[in-house]
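What follows is a short report on a single structure.
The values are calculated or read from the model by the stated rules, or taken from the named source; none is laboratory data. All of these numbers come straight from a predicted model, not from anything done at the bench. Cβ sites come from the backbone with ideal geometry, for glycine too, and all protein chains shown count toward neighbours. Quick note on the areas: whole protein, heavy atoms, side chains included, nothing else; ligands and nucleic acids left out. Shrake-Rupley method; radii C 1.70, N 1.55, O 1.52, S 1.80 Å.
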Amino acid sequence: MKKNVWTKMVGLALALVCIIGLVACGDKGSSNAAGTYTLQTIAIGGMTMDLEQLAETAGVPADELKVTLDLKSDGSFLLDMSALADTMGGATDTNMEGTWKESGSNITLEADGATTTVTLQDGVITMEEEGMSMTFKK
């Protein structure tokens, strides 16, 4: 059982590294996409966990485990992972800031010179990268 928990925690840590690697580009974002999105699910290595399962694995109440992506109407974004970092020993640099641009159902994020494209459909942002998928809901 402990090995399974550690496997999930390592998977979660790898997912966070991928999130930090996300980036955005561009001008002002659309008011349709602007808003705050909260992490709902994470899938990696054939395993999917929702927020409740993630919180249970981390040993904290789900309402204390919030990872948010705030797409601001001025075209900037903030990915706030501080609550998650607190549960994993207080890692530093848990927030990422950059810019975003919407084009149809795609949103391009740019931060620290890197870019990634995510999809937005029915108020749900889906990020997929290197075998990992995360969903954020408005």
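Structure data summary
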{"quantity": "Members of the range 51-61 found to be open to solvent by less than 60 Å² (accessible area, probe 1.4 Å) and within 19 Å of Lys137 (Cβ to Cβ), listed by number", "calculated": "Leu51, Leu54, Ala55"}
{"quantity": "Search result, residues across the range 35-53 that are out of contact with any helix residue (DSSP H, G or I) (no Cβ under 7 Å at 6 or more places or on another chain) and not in a strand (DSSP E or B)", "calculated": "Gly46, Gln53"}
{"quantity": "Whichever residue in the range 62-89 is over 20 Å from Val124 (Cβ atoms) and modelled with pLDDT of 85 or more and, among such residues, is least open to solvent (accessible area, probe 1.4 Å)", "calculated": "Gly75"}
{"quantity": "Candidates Thr36, Thr92, Thr99, Thr48 - the one that is open to solvent by 40 Å² or more (accessible area, probe 1.4 Å), of a type in the set (Val, Ile, Thr) and modelled with pLDDT under 75", "calculated": "Thr92"}
